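The values are calculated or read from the model by the stated rules, or taken from the named source; none is laboratory data. Keep in mind the model is a prediction, meaning the values are calculated, not measured. In this analysis, Cβ positions are derived from the backbone assuming ideal geometry, glycine residues included, and neighbour counts consider all displayed protein chains.
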Number of protein chains: 2
Amino acid sequence: MTNTARYAKTAALSLAAAPVLSREAGESLVDQIVRSIQARIDDKLLRSGARMPSIRQFAETHRVSRFTVVEAYDRLVAQGFLESRRGSGFYVRERSPMMAAAGHAHAEEAPPQRIDVVWLVRNMFRQYPAHRTPGSGLLPNDWLDGELIANGLRAISRQNQSQLLQYGNPQGFLPLRQQLQLKLAELEIAATPDQIVTTSGITQALDIVARHFARPGDTIFVDDPAWFLMFGSFATLGANVIGIPRLPDGPDIAKLAELAALHKPKFYVINSVLHNPTSTSLSAAKAFQILKIAEQHDFTIVEDDIYCDLHPGSSVQPATRIASLDQLNRVIYLGGFSKTLAANLRVGFIATTEEMAKRLSDRKMLSTLTTSDIGERIVYKILSEGHYRKHVDRLRGKLDGVRDKMVKQLERVGLTIDISTPAGLFLWADTGRDTNVLTEKAMSEGILLAPGSLFSPSQLPSTRMRVNVASMGDMEVLRFLERELGRG
Amino acid sequence: MTNTARYAKTAALSLAAAPVLSREAGESLVDQIVRSIQARIDDKLLRSGARMPSIRQFAETHRVSRFTVVEAYDRLVAQGFLESRRGSGFYVRERSPMMAAAGHAHAEEAPPQRIDVVWLVRNMFRQYPAHRTPGSGLLPNDWLDGELIANGLRAISRQNQSQLLQYGNPQGFLPLRQQLQLKLAELEIAATPDQIVTTSGITQALDIVARHFARPGDTIFVDDPAWFLMFGSFATLGANVIGIPRLPDGPDIAKLAELAALHKPKFYVINSVLHNPTSTSLSAAKAFQILKIAEQHDFTIVEDDIYCDLHPGSSVQPATRIASLDQLNRVIYLGGFSKTLAANLRVGFIATTEEMAKRLSDRKMLSTLTTSDIGERIVYKILSEGHYRKHVDRLRGKLDGVRDKMVKQLERVGLTIDISTPAGLFLWADTGRDTNVLTEKAMSEGILLAPGSLFSPSQLPSTRMRVNVASMGDMEVLRFLERELGRG
C-alpha cells in the first residue's frame with residue numbers, strides 16, 4: 001500500500017464515521033460539513049497530506065448535493081485546512097509553522113507604569129461587562145437601535161451595486177451632505193453641501209483640521225477638562241496643547257484672552273453644547289466674547305458639536321453655538337453620529353467655507369482617499385426617513401429618566417455632583433480621592449472608570465471622574481464606590 | 001376667512017387634486033405620497049405656512065393606512081418640506097435662505113494652470129463614461145462582483161446587531177486578521193493576527209507609516225515612476241521625496257545604493273509585484289540586494305503589494321516579495337482589496353512586527369479611532385468562504401484574455417508598448433508626445449488619461465502614459481489616439 005493510498009483510506013474511514021448530517025439543525029449543511037472536517041483535522045483524525053474523498057464520493061456517501069460539497073471544500077481551502085491539487089483532488093493541508101498562533105486568544109495587556117491616554121483608550125475597546133463601564137463615552141448597546149442599522153445595510157444591499165465598487169466622492173456622499181444642510185439650518189448655521197466634508201468620525205475631522213492648521217511648535221487651545229484623545233493626536237503633530245479652564249457657562253474668558261495674547265494659538269477646540277466631560281453648555285454672552293477674542297488674535301474656532309442631539313434645544317435650556325453667530329467664517333463646525341447611532345459606522349463631518357472644505361477634502365483624500373459610502377448611506381437613510389429625530393427624542397427622554405436617580409445613588413455613596421442644567425450623557429463627579437488610584441482598583445475588579453486626569457492636557461491627578469449616566473446603576477459598581485469612598 | 005384657514009383650504013384642495021395613489025406601481029405608497037407632496041411644494045401649489053390635512057384626514061381621503069401617512073409626513077419633516085407643530089399638526093415649512101443651493105448640481109471644476117496630482121485625483125472621482133477611462137486605476141464595475149458585496153451586507157445585517165453599535169477593535173476585526181495570516185502564509189510571509197493592523201485602504205496604511213517614520217526634512221524613497229497620491233501625502237509631512245529609477249526587474253540598484261548613502265532615507269516604498277504603472281515585478285536577486293542596502297543604511301522597506309492577487313504566482317512568472325526574504329523585520333508589508341473587490345469598502349492592512357503593529361495601531365486610533373467593521377466583515381466573509389480565490393482567478397483570466405488585443409490596438413494607433421512578462425492591470429505605453437498635452441485634449445472630449453508626469457516625483461513632462469488594460473477598447477478612445485498621434 002503506498003503512502004497516498006493509505007492516507008486516502010484514513011480520510012475515507014474517518015469521514016465515514018462522521019455523524020450523520022442533520023437537515024433539522026439550525027446550521028446549514030455546508031456549515032455542518034465544514035465544522036466536522038475542521039474538528040477531525042484539529043483532532044488529528046485527518047492527518048496532513050491525507051487525500052479527501054472526491055466531491056462525487058462525498059456527496060453520495062452523505063446524500064448531499066455536489067454543490068454543497070463544493071462549497072464546503074472551498075471554504076476549507078480558504079480557511080487553510082485543505083488544499084486543492086490541480087487534477088488530483090483535495091488534500092489535508094500541511095500546517096506550516098507560519099500558521100502558529102492563528103486564532104489564539106490574546107494575552108491581556110499589562111497595566112502601564114502610569115495611566116496614560118493611549119493605554120486607557122485601548123482599554124476602552126476591551127470587552128468589559130456592559131453594565132460595568134461607567135467610564136465609557138458611548139451609550140450602552142441596549143439604548144441604541146441596531147435594527148435601524150440592520151435595515152440600512154439591507155437597503156444598501158438592494159441598491160445599484162456598482163455604487164459600492166468604485167471610490168465614493170472624496171467630499172462625502174452628496175445626499176447625506178444635503179441632509180446635513182437641513183440639520184445645520186435648524187441650528188441656524190447656513191452651509192451648502194459644498195461646504196461639508198464627511199469624515200471617519202470626529203476623530204478624523206480633528207486630525208484633518210489639525211494637520212491643516214498646525215505645524216510643530218504651534219499652539220492649540222482646548223478646554224480643560226476636554227476629550228482626551230485629541231491631546232495625543234495633537235501631540236503627534238508636535239503641537240503645544242494648552243487648556244482653557246471650563247466654567248459652568250463656558251471657558252474662563254479672562255484666562256482665554258490672556259493666554260491668546262501670550263501664545264497666539266492656531267485654533268481653539270471647544271464643545272459649546274454638552275461639553276465632554278461636564279455636560280455644560282455655552283452661554284450666548286460667552287460665545288460672543290470668544291468670537292471677539294478669536295478675531296482679535298486671529299485664530300480659528302473648531303466647534304466640536306458631537307453631543308448636539310442629546311441637548312433638548314436652546315428653547316428648553318440655554319446653549320449657543322459659536323457657528324450660529326459667526327456663520328462658518330472663523331468657525332469650523334464638526335458633528336457626527338457615533339454617539340447617537342453607532343460608533344462603528346464612523347460617520348462624522350466638517351462644515352466650513354467652500355474654499356476650506358475643498359482644501360480639507362484634498363487633505364482627507366491624501367490620508368484615506370475617501371470614506372466608505374456604506375456608513376454615510378446608512379446615516380442618510382435614517383436621517384431622511386425621519387427615524388433619527390424620533391430616535392434622539394427617545395434617547396433624551398431616557399437620559400432624563402435615569403439622571404436624577406443616578407445622581408442620588410452616587411451622592412449616597414459619597415460623590416459630589418453639581419449640575420445646574422441637567423442634560424446629556426455625562427456627570428462630572430467629585431470623589432474626594434485621587435481617581436487614578438480609584439481607576440486602577442476598579443479595573444482589577446472589571447470596572448471601567450474614566451479618571452479626571454485623563455481629561456486635562458496637564459494630566460495631573462484629579463479627584464474628579466466622568467460618569468456615564470446611561471452605563472451606571474449596576475449594584476457592583478455602586479458597592480465598589482461605597483466601599484472605596486467610605487474608607488478613610 | 002383667517003390666513004391659516006385659507007392656507008389649510010389651499011393645502012386640502014391641491015392634495016385632493018393629487019393623482020390617485022397606485023398600488024401597482026413599483027414605488028411604495030409612502031414614496032408616492034412623499035414625491036407628490038414634494039412636487040406640489042416645489043411647484044408652489046402648496047405654499048409655505050400651509051397646514052397639511054391631519055393624518056386621519058389624509059388617510060381617509062386617499063384610502064391608505066394611517067401608518068403610511070405618518071411615515072410619509074415624517075420623511076417630509078426630515079427632508080425639510082414640512083414642520084410639525086406640537087398639538088397643532090403639520091405645516092409646509094418656510095424655505096429659509098439657509099436652504100439655498102441645497103441639492104443643486106455642482107459646477108464643473110475649471111482646469112488648473114498646470115496638471116497636478118490633486119487635481120487629477122479629484123478628476124478621477126468625477127463621473128466619466130465607464131468605457132472612456134483608460135487612465136483609471138480600478139477595474140471597471142462590470143468586471144467586479146457587486147453581488148459578493150451585497151451578500152456580505154445582507155449577512156452582516158442578520159448578525160448580532162450590537163456588534164455594529166460600538167467601536168470595533170482598533171487593530172481591526174480579528175477574524176479578518178486571522179484570515180490574512182493564511183493569505184500571507186501562502187506568500188511565505190509569517191505573520192500572526194497580532195502583527196496585522198487593518199487600515200482604510202493602502203492610502204491610510206502609507207499615511208500611518210509615513211507619520212510614524214518621517215519628520216519634516218526627512219527623505220523618503222519611492223520608485224520612479226510610482227503611484228502619485230503618495231507624493232502629495234508625503235509632501236504634506238514636509239518630507240523630501242526621491243525617486244529610484246525602475247527597471248524591468250526592479251529598481252536601479254547602483255542608483256539606489258548611491259542615493260541611500262547620500263540621503264539616508266527613512267524608508268523606501270516599493271511595489272515588488274506588478275509595479276504601478278509598469279506592471280513589472282521584482283527579481284529574487286534584486287530583492288536580496290535591496291534588503292542588503294537597506295540594512296547597510298538602516299532604512300525600512302515599505303512593500304506595497306496592492307496588486308498581489310492579479311499576479312499569476314511566482315511558479316508561473318518570476319516575482320519575489322522582499323517580505324518573504326526578510327520576514328517582516330525590516331520590511332513593513334501593505335495589502336488591500338480596493339483593486340480586486342471594491343474600492344468603496346476601504347479595506348487595507350499593514351503586516352509588521354508585533355511591537356510595531358501596536359504602535360501603528362495606536363497611531364491609527366489617534367487619527368481615525370477605528371476603521372469601520374462593516375467593510376472588514378464583508379472582506380472576511382468573501383475570503384473565508386472561498387469566493388475570493390475564484391474571483392481573482394477569473395479576473396486574471398479576463399485580463400489575460402484582453403491584454404494582447406489591447407496591445408495590438410494601441411500599437412496600431414501609434415503607441416509603443418514593451419512587456420516582457422505580461423500580467424496585471426496596466427500597460428506603460430509610450431506615445432512619443434507630451435502626455436500632459438494629450439491628457440488635456442482627451443479631457444475636453446470626455447476621456448480620462450493618466451499622463452506619465454503624474455507618476456514621477458519630479459513631475460516632469462513625459463511621453464509615457466498608464467493604460468488600464470480593462471478600461472480600454474472603446475472605439476472613441478482609439479479614434480482619439482489615432483487622430484492625435486497620427487498628426488505631425
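The conditions are (1) touching a Lys or Arg at 6+ places or on another chain (Cβ under 8 Å); (2) crowded, with 24+ Cβ neighbours inside 10 Å; (3) at the interface with chain A (Cβ under 10 Å from one of its Cβ atoms), and B:Leu366 fails exactly one of them. Which is it?
Only one criterion in (1) touching a Lys or Arg at 6+ places or on another chain (Cβ under 8 Å); (2) crowded, with 24+ Cβ neighbours inside 10 Å; (3) at the interface with chain A (Cβ under 10 Å from one of its Cβ atoms) is unmet by B:Leu366, namely (1).
Name the single residue that is surrounded by the most Cβ atoms within 10 Å (Cβ to Cβ) among those in the range B:11-39 being in a helix (DSSP H, G or I) and at pLDDT below 80.
Among those residues, the one meeting the criterion is B:Ala11.
Look through B:Leu229, B:Leu256, B:Leu180 and report the one residue that is assigned by TED's automatic domain parsing to the domain that holds B:Ser384, buried (at least 21 other Cβ atoms within 10 Å of the Cβ), touching a helix residue (DSSP H, G or I) at 6+ places or on another chain (Cβ under 7 Å) and in contact (Cβ under 8 Å) with a residue 60 or more places away in the chain.
Checking each option against the conditions leaves just B:Leu229.
Could you tell me which of the residues B:Ile33, B:Ile55 is more than 40 Å from the chain's Cα centre (by Cα) and within 16 Å of A:Gly386 (Cβ to Cβ)?
It is B:Ile55.
Among all residue pairs at least 6 apart or on different chains, which show Cβ distances below 7 Å where the first residue, located in the range A:60-84, is touching a residue at least 24 places away in the same chain (Cβ under 8 Å) and the second is charged (D, E, K, R)?
From the range A:60-84, the pairs are A:Arg75/B:Glu385; A:Phe81/A:Arg93; A:Leu82/A:Arg93.
Is there a residue in the range A:231-238 that is of a type outside the set (Gly, Ala, Ser) and in contact with a Pro (Cβ under 8 Å, 6 or more places away or on another chain)?
The answer is yes, given that some residue of the range A:231-238 is of a type outside the set (Gly, Ala, Ser) and in contact with a Pro (Cβ under 8 Å, 6 or more places away or on another chain).
Give B:Thr320, B:Thr371 a once-over and let me know the one that is more than 18 Å from B:Gly168 (Cβ to Cβ) and among the β-branched types (Val, Ile, Thr).
From the options B:Thr320, B:Thr371, the qualifying one is B:Thr320.
Confirm whether A:Asp304 is touching a helix residue (DSSP H, G or I) at 6+ places or on another chain (Cβ under 9 Å), modelled with pLDDT of 95 or more and within 25 Å of A:Ile382 (Cα to Cα).
yes
Can you tell me how many residues in the range B:344-398 are outside any helix (DSSP H, G or I) and of a type in the set (Gly, Ala, Ser)?
Residues that pass the stated criteria total 4.
Please go through the range A:225-253 and pick out each residue that is hydrophobic (A, V, I, L, M, F, W, C) and more than 21 Å from A:Thr463 (Cα to Cα).
The answer is A:Met230, A:Phe234, A:Ala235, A:Leu237, A:Ala239, A:Val241, A:Ile253.
Condition check: among the small types (Gly, Ala, Ser), out of contact with any helix residue (DSSP H, G or I) (no Cβ under 6 Å at 6 or more places or on another chain), crowded, with 18+ Cβ neighbours inside 10 Å and in the same structural domain as A:Asp362 (by TED's automatic domain parsing). Does A:Gly250 satisfy that?
In short, no.
If you take the residues of the range A:42-76 that are buried (at least 19 other Cβ atoms within 10 Å of the Cβ) and within 14 Å of chain B (Cβ to nearest Cβ), which of them is nearest to B:Val379 (Cα to Cα)?
A:Arg75
Can you find a residue in the range B:143-161 that is part of a loop (DSSP other than H, G, I, E, B) and touching a Leu at 6+ places or on another chain (Cβ under 7 Å)?
Yes, some residue in the range B:143-161 is part of a loop (DSSP other than H, G, I, E, B) and touching a Leu at 6+ places or on another chain (Cβ under 7 Å).
Would a scan of the range A:413-430 turn up a residue that is assigned to a helix (DSSP H, G or I) and among the aliphatic types (A, V, I, L, M)?
No, there is no match, as no residue in the range A:413-430 is assigned to a helix (DSSP H, G or I) and among the aliphatic types (A, V, I, L, M).
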